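What follows is a single structure, written as structure tokens, with notes after it.
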Amino acid sequence: MNWPHSKSPLGGAFEEPEHDGMHRLGPMQRISIPRRRFRDEDVVDYVIVGVGSAGGVLLQRLARAGFDVVGFEAGPFWDTERDWVSDEAGSHNLYWNDLRIIGGKDPLALGSNNSGKGVGGGSVHWAAFTPRFHPSDFEVYTRDGVGADWPIDYEDIEPYYELLEQEMPVAGPAWYPWGKPHGHPYAPHPMGAVGDALITGCTRLGIGVSAGGPVAILSASRGDRPHCIYRGFCIQACKVGAKASTLITHVPDALKHGAEIRDTSMVSRIEIGKDGRATGVHYFDAEGREHFQRARCVIVSGYAIETPRLLLNSACPGHERGLANSSGTLGKYLMAQAGNVILGRFEELIRMYKAPPAHALTEEFYETDPTRDFARGFAIQTVGPLPIAFAKQMMAAKGQWGWGLRRSMMDYNHWAAFGLLGEILPWADNTVELATGANEKDRFGLPVARVSFNLHENDKRLIEFGKNKTMDVMRAAGAVEVVQEQRFAHLVGAARMGKSPHDSVCDKFGRTWDVDNLFVMDGSVMPTQGSANPGLTIQSLAARTADYLISNHSAIQSGAKRSLEEPGIRKTLSPPGTFRSGIPHLR
Amino acid sequence: MSENKSPLTDPRTGEALPQRVQPGYYPKWRVMREYRYWDAATRDVVTQRLEAPKPLRFFTAEEAGVMEAVLDRILPQDDRLPAQRIPLLPVLDTRLATNKLEGYRYEDMPPDQEAYRLAVRALDAMAQEIYGAPFISLTVTSQELLLKSLSEGHPAGAKELWSTLNVKRFWTLLVSDACAAYYAHPWAWDEIGFGGPAYPRGYMRLEAGRPEPWEFNEERYGWTAPADSISDYADPESGHTASAHGQAGTH
Ligand SMILES: Cc1cc2nc3c(=O)[nH]c(=O)nc-3n(C[C@H](O)[C@H](O)[C@H](O)COP(=O)(O)OP(=O)(O)OC[C@H]3O[C@@H](n4cnc5c(N)ncnc54)[C@H](O)[C@@H]3O)c2cc1C
Ligand code: SF4
């Protein structure tokens, strides 16, 4: 750290970092600037499209196992000291801001509401809530006759939850009661005033509530990552390095083991050879020049909009409807969670800009309850909108502008905000397609995505009930005025995994049914989404797929018959110092 | 800003309140005094906002006149001393000139640039149709009545022009852009008591809205909006329709 060199108070502010040719990932961690390692003509073992939540974990695992692997990332390789700021408006460039067209009866706002761009992907701007999915999530169709079943059970992913909770690591209570009860390796965080309000409201209504996590934010320093300083800018990316992102947790280890990241490189098409196997990817470099990287196996990890878009843009003879789309399900069953924000005004001061937005939640309403008129459920979580986001919420929730808006904003410090997180079921008419308009192309001339979204009856009932329950909790906490804004959070689906090639894009390891050496592994493979934030599950699925790839590497190369055997968990692939660090095992 | 706008009044005495260097309930709070405690990158981004605004590149002089008047009503600043008013139009102009997008466009909306050009024309056409005068020469009340009709999605005039886009979505875009400019400014943070950037120092007093040693508690005062304004109202029913607006991420 360079604090002691500074003349400023506290040994900081941090001055402009020295130009020592090093790349900074947080205030303490420095790595040498990643260099190009492979040539386009080299046939690398794996190309990963998108170094985000899933891509970062895959890259690290495959490199550690000794493979030649290149991660392509459309956005930049962040130097967190130079590129990131503690500022709402100044963080706009963290998101996928390129054009997308949205429609349907309930259009999904994208951009800052949904997808990241740059190494780390969405894990750079996530709030880092890391609840696990519940066992029931994997068999929604069997239990409730709606949605879909997963091709795996909770038990298949459980060991990977345990690994990733240590690798991030996750802070939270020692006893987490919902789903399959479990504990967390790092201590829960102290409460901010929003968390206090959630606890007060829930407690008064007899609703169980988890305080201080689960959240992938350090409550104590570890290695070269400092602990949280409660500055509340998580969604603007954590300059402190306390909040986990694959950029700081997995990418450094990947590079150390020989992975290459080709940043500011947009993959435009996956090439299929005469034998029907993927041969590599076409991509545009930072100057807009087109290249072709050869590879033995391609993994697409571009998230729920860009993954289907790339597969659709890769249509070729034999795959006229898009790659891996013989089932016709590619781009269908896109999901977002109901993300209504419930805002409560208190007589006393709250100051919701302090503490991480994510610090308390309840999953008491997660499961299907036969006394309600809808299937599945929801969670209630803390959120912490900063001034611009809050102003837009006042506009939306109270219809305000002019003096009314100025008046509400002067009371910013009196408001607390809760987020509903409700399960919306997968529906065939919620889709990602290619836009067809003449102006609907990106700067490389590729058609952009057109995203269509519609709520169905079960979703509407769930939102109505969940919203009202959350408002009740806010009132019980002592709010004197409670309003809400309807919105959505988190995308998943649109390239779902399944048991049969007839109704899914890929198998339970993300291997596409149609092209033997083409995988999809990111949020888009999820058949349903529960009412847990998806990030932990996405990273855990990626670690599991890495184990599968490592076990089956030569079979995949030689075109041998597809194996659906569980690969067995490899516990030796975690980044250093993370495995077996202090998780309370509750069995 | 025109001179003839009514100032705010004290609700108890009915007397005019003075214009302030800093409206809001934290008169002692100046976030910029803390800038030495911020990291260099953040300091640069925030201090740039205090520099003199750049000349307009997107809006023509005529369009700029209308937009200035509109933004004056969307986030009125008549309670601020003229030198302490936060520039909104230049921020919007830069966004449109550099094509800084939000990452999506509704299928029933043209690109943002076209939407703004059309809206300026439609606002003037509305003003002519209903009041027989250009938008900028209307009274505050008349301007606000026209704007309110947009906020409700039923423009009071120029219906043909407005029919080419989704008016409610345009309204949201407009108010969002105004908010993004105003509440990114350190003077607005002073006004609402927002602690601002906090790296590397961080916050320590998390509970019960307590101030850090460098923050302040509130000193509230009552104020009544100008008598000729209709914009001091709330309509909580409006939060029940999904995605009619731009949504910044929360969770
Ligand atoms: C404001 C906000 C808060 C959130 N909070 C939480 C939370 O608290 N907890 C949680 O679990 N989740 C949260 N999420 C969701 C979470 O961030 C995502 O679900 C997750 O990051 C998705 O992971 P992924 O690997 O599927 O995709 P990503 O992490 O988005 O990675 C995809 C990457 O691929 C790159 N890419 C795409 N196409 C191409 C291409 N053609 N060529 C090259 N590169 C490409 C993209 O640039 C991107 O970096 C939040 C999201 C938002 C917007
Ligand atoms: S609140 Fe903690 S985790 Fe979030 S950005 Fe600040 S230091 Fe990082």
For region A:13-47, how many residues are closer than 30 Å to residue A:534 by Cα and either in a loop (DSSP other than H, G, I, E, B) or open to solvent by 50 Å² or more (accessible area, probe 1.4 Å) (or both)? 5
Residues located in region A:390-414, provided they are buried (at least 24 other Cβ atoms within 10 Å of the Cβ) and in contact (Cβ under 8 Å) with a residue 12 or more places away in the chain: A:390, A:391, A:393, A:394, A:396, A:397, A:405, A:408, A:412, A:413
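Okay, residues lined up against (1) crowded, with 20+ Cβ neighbours inside 10 Å; (2) on the phi > 0 side of the Ramachandran plot; (3) in a strand (DSSP E or B):
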{"position": "A:235", "(1), (2), (3)": "yes, no, no"}
{"position": "A:241", "(1), (2), (3)": "yes, yes, no"}
{"position": "A:247", "(1), (2), (3)": "yes, no, no"}
{"position": "A:253", "(1), (2), (3)": "yes, no, no"}
{"position": "A:261", "(1), (2), (3)": "yes, no, yes"}
{"position": "A:264", "(1), (2), (3)": "no, yes, no"}
{"position": "A:267", "(1), (2), (3)": "yes, no, yes"}
{"position": "A:287", "(1), (2), (3)": "no, no, no"}
{"position": "A:293", "(1), (2), (3)": "yes, no, yes"}
Region A:186-233, residues that are more than 13 Å from ligand 2 (Cβ to nearest atom), in a loop (DSSP other than H, G, I, E, B) and surrounded by fewer than 18 Cβ atoms within 10 Å (Cβ to Cβ): A:187, A:205, A:206, A:208, A:223, A:224
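Residue-by-condition table, conditions (1) of a type outside the set (Lys, Arg); (2) modelled with pLDDT of 95 or more:
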{"position": "A:34", "(1), (2)": "yes, no"}
{"position": "A:38", "(1), (2)": "yes, yes"}
{"position": "A:48", "(1), (2)": "yes, yes"}
{"position": "A:64", "(1), (2)": "no, yes"}
{"position": "A:67", "(1), (2)": "yes, yes"}
{"position": "A:74", "(1), (2)": "yes, yes"}
Might you let me know whether region A:490-497 holds any residue that is under 20 Å from residue A:120 (Cβ atoms) and either hydroxyl-bearing (Ser, Thr, Tyr) or within 16 Å of ligand 2 (Cβ to nearest atom) (or both)? no
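Yes/no per residue for (1) in contact with a Phe, Trp or Tyr (Cβ under 6 Å, 6 or more places away or on another chain); (2) closer than 29 Å to residue B:29 by Cβ; (3) buried (at least 21 other Cβ atoms within 10 Å of the Cβ); (4) within 11 Å of chain A (Cβ to nearest Cβ):
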site	(1), (2), (3), (4)
B:147	no, no, yes, yes
B:188	yes, yes, yes, yes
B:209	no, yes, yes, yes
B:213	no, yes, no, no
Of the conditions (1) within 14 Å of ligand 1 (Cβ to nearest atom); (2) within 11 Å of chain B (Cβ to nearest Cβ); (3) not aliphatic (A, V, I, L, M), residue A:444 satisfies every one except a single condition; which number is it? (2)
Can you pull out every residue in region B:229-249 that is touching a helix residue (DSSP H, G or I) at 6+ places or on another chain (Cβ under 9 Å), at pLDDT 70 or above and of a type outside the set (A, V, I, L, M, F, W, C)? B:229, B:231, B:232, B:233, B:235, B:236, B:238, B:239
Residue among A:104, A:50 that is over 30 Å from residue A:556 (Cβ atoms) and either in contact with a strand residue (DSSP E or B) (Cβ under 9 Å, 6 or more places away or on another chain) or crowded, with 24+ Cβ neighbours inside 10 Å (or both): A:104
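For (1) closer than 26 Å to residue A:189 by Cβ; (2) surrounded by fewer than 19 Cβ atoms within 10 Å (Cβ to Cβ); (3) within 12 Å of ligand 1 (Cβ to nearest atom), each residue gets a yes or a no:
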{"residue": "A:98", "(1), (2), (3)": "no, no, yes"}
{"residue": "A:108", "(1), (2), (3)": "no, no, yes"}
{"residue": "A:127", "(1), (2), (3)": "yes, no, yes"}
{"residue": "A:147", "(1), (2), (3)": "no, no, no"}
For the condition facing chain B (nearest Cβ under 10 Å) and touching an Asp or Glu at 6+ places or on another chain (Cβ under 7 Å), what is the one hit in A:90, A:111? A:111
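Suppose we keep only residues that are of a type in the set (A, V, I, L, M, F, W, C) and either surrounded by fewer than 24 Cβ atoms within 10 Å (Cβ to Cβ) or touching a His at 6+ places or on another chain (Cβ under 8 Å) (or both) within region A:519-554. Which one would you say is farthest from residue A:294 (Cα to Cα)? Break it down stepwise before answering.
Start the filter on region A:519-554 by keeping residues that are of a type in the set (A, V, I, L, M, F, W, C), which leaves A:519-521, A:525-526, A:532, A:536, A:538, A:541-543, A:546, A:549-550.
Retained after the next criterion (residues that are either surrounded by fewer than 24 Cβ atoms within 10 Å (Cβ to Cβ) or touching a His at 6+ places or on another chain (Cβ under 8 Å) (or both)): A:532, A:550.
Values: A:532: 38, A:550: 20 Å.
The selected residue is A:532.
For every residue, the table says whether it meets (1) open to solvent by 60 Å² or more (accessible area, probe 1.4 Å); (2) more than 18 Å from the chain's Cα centre (by Cα).
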{"position": "B:49", "(1), (2)": "no, no"}
{"position": "B:54", "(1), (2)": "yes, yes"}
{"position": "B:78", "(1), (2)": "no, no"}
{"position": "B:82", "(1), (2)": "yes, no"}
{"position": "B:106", "(1), (2)": "no, yes"}
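Looking only at region B:111-126, decide whether some residue is in contact with a Lys or Arg (Cβ under 6 Å, 6 or more places away or on another chain), within 14 Å of chain A (Cβ to nearest Cβ) and open to solvent by less than 40 Å² (accessible area, probe 1.4 Å).
Looking through region B:111-126, none of the residues is in contact with a Lys or Arg (Cβ under 6 Å, 6 or more places away or on another chain), within 14 Å of chain A (Cβ to nearest Cβ) and open to solvent by less than 40 Å² (accessible area, probe 1.4 Å).
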Within region A:331-345, which residues are under 24 Å from the mean Cα position of the chain (by Cα) and open to solvent by less than 10 Å² (accessible area, probe 1.4 Å)? A:331, A:334, A:335, A:336, A:337, A:338, A:339, A:340, A:341, A:342
Single match in A:238, A:234 (criterion: within 11 Å of chain B (Cβ to nearest Cβ), within 11 Å of ligand 1 (Cβ to nearest atom) and under 22 Å from residue A:115 (Cα atoms)): A:234
Across region B:127-145, what is the number of residues that are crowded, with 20+ Cβ neighbours inside 10 Å and at positive phi? 0
Does region A:286-303 contain at least one residue that is within 14 Å of ligand 1 (Cβ to nearest atom), within 14 Å of another protein chain (Cβ to nearest Cβ) and not charged (D, E, K, R)? yes
Within region A:62-96, how many residues are open to solvent by 10 Å² or more (accessible area, probe 1.4 Å), assigned to a helix (DSSP H, G or I) and within 11 Å of ligand 1 (Cβ to nearest atom)? 0
Only one of A:503, A:516, A:522 that is away from chain B (no Cβ under 14 Å) and in contact with a Leu (Cβ under 9 Å, 6 or more places away or on another chain): A:522
Kindly indicate the residue of region A:109-133 that is modelled with pLDDT of 95 or more and of a type in the set (A, V, I, L, M) and also farthest from ligand 2 (Cβ to nearest atom) among those meeting that condition. A:119
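From the set of residues in region A:139-151 that are touching a strand residue (DSSP E or B) at 6+ places or on another chain (Cβ under 8 Å) and touching a residue at least 60 places away in the same chain (Cβ under 8 Å), which is nearest to residue A:546 (Cα to Cα)? Working first, answer last.
Taking region A:139-151 and keeping what is touching a strand residue (DSSP E or B) at 6+ places or on another chain (Cβ under 8 Å), we get A:139-142, A:149-151.
Those still in the list that are touching a residue at least 60 places away in the same chain (Cβ under 8 Å) too: A:140, A:149-151.
Working: A:140: 26, A:149: 23, A:150: 19, A:151: 17 Å.
Across region A:139-151, the extreme among qualifying residues is A:151.
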Within region A:111-120, which residues are open to solvent by 10 Å² or more (accessible area, probe 1.4 Å), of a type in the set (Gly, Ala, Ser) and within 6 Å of ligand 1 (Cβ to nearest atom)? A:116
Flag for residue A:372 being under 30 Å from residue B:151 (Cα atoms), more than 8 Å from chain B (Cβ to nearest Cβ) and open to solvent by 10 Å² or more (accessible area, probe 1.4 Å): no
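The values are calculated or read from the model by the stated rules, or taken from the named source; none is laboratory data. For clarity, every value in this text was computed on a predicted model and none was experimentally measured. Reconstructed Cβ throughout: ideal geometry from the backbone, glycine too, with neighbour counts over all protein chains shown. Accessible surface is based on the protein model in full, side chains and every heavy atom, while ligands, DNA and RNA are left aside. Shrake-Rupley method; radii C 1.70, N 1.55, O 1.52, S 1.80 Å.
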